[in-house]
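> Here it is, the structure, as structure tokens.
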């Protein structure tokens, strides 16, 4: 058994039929974590005995002929920005090291458990998920299983590294500026950020207003779709949650796709190696009958208004700790962002919200005569760890190697990263598919076509 190549639906079906046991799957996950986590550092907490007990209970249900759900026995990692009952939610921050364990699961985790998933542990994340590299003073640095000298990106880097290394076949993730899509691209995974509201967040005030959406990371489109379909749907405690879709997500539409391609969204610079991989994928799509339209109009760079909103939200999160000694250990750049967020006036915040509305209109206009937008997921390949968070685009170091994802949090759009090949250094690269808010089915259709005509079958060499 190899989670790096296995189909989640087939694994779950084999458990539900009694061909395999949930205990077998969980034991394999725990063995893989024990073997690799010292090098990759994807998991920051593991509850082996509890996971095996949960697996035994599920196996007992199978033997009794009781229903066990479409994800029966699937081991899952939970990003350490959300609650899993019995685990401390540290948010990647030392200021939460002594917090009590969560009393209940988040809505996403609860729905995955109800579908048969077995939570084996929590995965690493940067402090409060603020950056595209995964390290913190509490748990240290997560490495990329494809090349240990590189980052798996972030902020869902622990989850992405865990899936890419075959520790678990699925892991939860969240995305407020690219934190599902960027590590998916860096680790050769399928990463889908659903329309805001698809997966409810009734746990309290959202951390980043309505920028951040929850999802999962997996190796295949079908894996991710299966998890999404048990996770979506309304919650009465979350007034922003959406009703169930009219049909299951990922159900093939069966019609020709027409896509808009932009190599830089009109404001960025894309590394030549990334662009060449995207062009090869476009050639394959064209050969499969996908109609491709080159973008001629430019999008507005969303970074400044996005950062205004994020800074204000981060200041709210850190406010209880600003005068404490623990706050002195918070990353210096993050402290600068928090300080800037504290200086944001109501008028400035409203201007940022106005910019979000303008960006949504720009996207809707661009997609008027096409199904989805395609662009590179990132401007550069996931960088080396020794660059400290900087990336490299065409030989030049830059902090903004991830500039193509923020805007689609501002528009609350469904957006996905699909793997399309590896760089010369063996680090995967991705192409991003984006739709209008609520057009999740169109984005997933594009993902399914990309997976079919640009198959990515390589696995991390670990």
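> Would you pick out the residues in the range 155-175 that are within 20 Å of residue 434 (Cβ to Cβ) and out of contact with any helix residue (DSSP H, G or I) (no Cβ under 6 Å at 6 or more places or on another chain)? Give the derivation first.
Initial filter on the range 155-175 (within 20 Å of residue 434 (Cβ to Cβ)): 155-156, 160, 173-175.
174, 175, listed by residue number.
> Scanning the range 24-45 for residues that are assigned to a helix (DSSP H, G or I) and in contact with a helix residue (DSSP H, G or I) (Cβ under 6 Å, 6 or more places away or on another chain), which turns out farthest from residue 164 (Cα to Cα)? Full working, then the answer.
Going through the range 24-45, the residues assigned to a helix (DSSP H, G or I) turn out to be 24-40.
The next check asks that each one be in contact with a helix residue (DSSP H, G or I) (Cβ under 6 Å, 6 or more places away or on another chain); those that pass are 26, 30, 40.
Details: 26: 17, 30: 15, 40: 10 Å.
Step by step, filter the range 24-45, then rank; the result is 26.
> Within the range 353-378, count every residue that is out of contact with any helix residue (DSSP H, G or I) (no Cβ under 7 Å at 6 or more places or on another chain), assigned to a loop (DSSP other than H, G, I, E, B) and closer than 12 Å to residue 270 by Cβ. Break it down stepwise before answering.
As a first pass, look at the range 353-378 and keep what is out of contact with any helix residue (DSSP H, G or I) (no Cβ under 7 Å at 6 or more places or on another chain): 353-354, 357-358, 360-370, 374-375.
From what is left, the residues that are assigned to a loop (DSSP other than H, G, I, E, B) are 367-370.
Going one step further and asking which of them are closer than 12 Å to residue 270 by Cβ, we end up with none.
Result for the range 353-378: 0.
> Follow-up. Within the range 409-423, can you find the residues that are in a loop (DSSP other than H, G, I, E, B), closer than 30 Å to residue 352 by Cα and touching a strand residue (DSSP E or B) at 6+ places or on another chain (Cβ under 7 Å)? Step through it out loud before you land on a result.
Taking the range 409-423 first, the residues in a loop (DSSP other than H, G, I, E, B) are 411-414, 423.
Filter once more, keeping what is closer than 30 Å to residue 352 by Cα: 411-414.
413, 414, listed by residue number.
> When you go through 98, 83 one by one, which is the residue that is surrounded by fewer than 24 Cβ atoms within 10 Å (Cβ to Cβ), at pLDDT below 95 and assigned to a loop (DSSP other than H, G, I, E, B)? Before the answer, list the steps.
Numbers: 83 fails: at pLDDT below 95.
Residue meeting the stated conditions: 98.
> Pick from the range 264-289 the residues that are over 26 Å from the mean Cα position of the chain (by Cα) and in a loop (DSSP other than H, G, I, E, B): which of them is surrounded by the most Cβ atoms within 10 Å (Cβ to Cβ)? Can you show your working first?
From the range 264-289, those over 26 Å from the mean Cα position of the chain (by Cα) are 283, 286-289; that's our starting set.
In the following step, the residues that additionally are in a loop (DSSP other than H, G, I, E, B) were identified as 288-289.
On the way: 288: 14, 289: 10.
Checking each candidate, the answer is 288.
Yes/no per residue for (1) closer than 24 Å to residue 443 by Cα; (2) modelled with pLDDT under 95; (3) in contact with a helix residue (DSSP H, G or I) (Cβ under 6 Å, 6 or more places away or on another chain):
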position: 283; (1), (2), (3): yes, no, no
position: 302; (1), (2), (3): yes, no, yes
position: 318; (1), (2), (3): no, yes, yes
position: 330; (1), (2), (3): no, yes, no
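> Going by the structure shown, is residue 432 surrounded by 24 or more Cβ atoms within 10 Å (Cβ to Cβ), in a loop (DSSP other than H, G, I, E, B) and either touching a strand residue (DSSP E or B) at 6+ places or on another chain (Cβ under 8 Å) or at pLDDT 95 or above (or both)? Outline the logic, then answer.
On the way: surrounded by 24 or more Cβ atoms within 10 Å (Cβ to Cβ): yes; in a loop (DSSP other than H, G, I, E, B): no; either touching a strand residue (DSSP E or B) at 6+ places or on another chain (Cβ under 8 Å) or at pLDDT 95 or above (or both): yes.
When the stated conditions are applied, residue 432 does not pass them.
> Tell me which residues, restricted to the range 254-263, are in contact with a helix residue (DSSP H, G or I) (Cβ under 8 Å, 6 or more places away or on another chain) and either exposed (fewer than 14 other Cβ atoms within 10 Å of the Cβ) or not in a loop (DSSP other than H, G, I, E, B) (or both). Give the steps one after another, and end with the answer.
As a first pass, look at the range 254-263 and keep what is in contact with a helix residue (DSSP H, G or I) (Cβ under 8 Å, 6 or more places away or on another chain): 257, 259-261, 263.
Listed by number, the residues that qualify are 259, 260, 261.
> Another question, then. Inspect all residues belonging to the range 135-151 and state whether any of them is under 16 Å from the mean Cα position of the chain (by Cα), assigned to a loop (DSSP other than H, G, I, E, B), touching a residue at least 40 places away in the same chain (Cβ under 8 Å) and more than 26 Å from residue 425 (Cα to Cα).
Scanning the range 135-151 turns up no residue that is under 16 Å from the mean Cα position of the chain (by Cα), assigned to a loop (DSSP other than H, G, I, E, B), touching a residue at least 40 places away in the same chain (Cβ under 8 Å) and more than 26 Å from residue 425 (Cα to Cα).
> Being under 9 Å from residue 341 (Cβ atoms) and crowded, with 18+ Cβ neighbours inside 10 Å is the filter here; which residues of the range 310-323 pass it?
Let us first name the residues in the range 310-323 that are under 9 Å from residue 341 (Cβ atoms), namely 310-316, 318.
Within the range 310-323, 310, 311, 312, 313, 314, 315, 318 meet the criteria.
The values are calculated or read from the model by the stated rules, or taken from the named source; none is laboratory data. Since this is a predicted model, take the numbers as computed values, not measurements. Here Cβ is always computed from backbone atoms with ideal geometry, including for glycine, and neighbour counts include all displayed protein chains.
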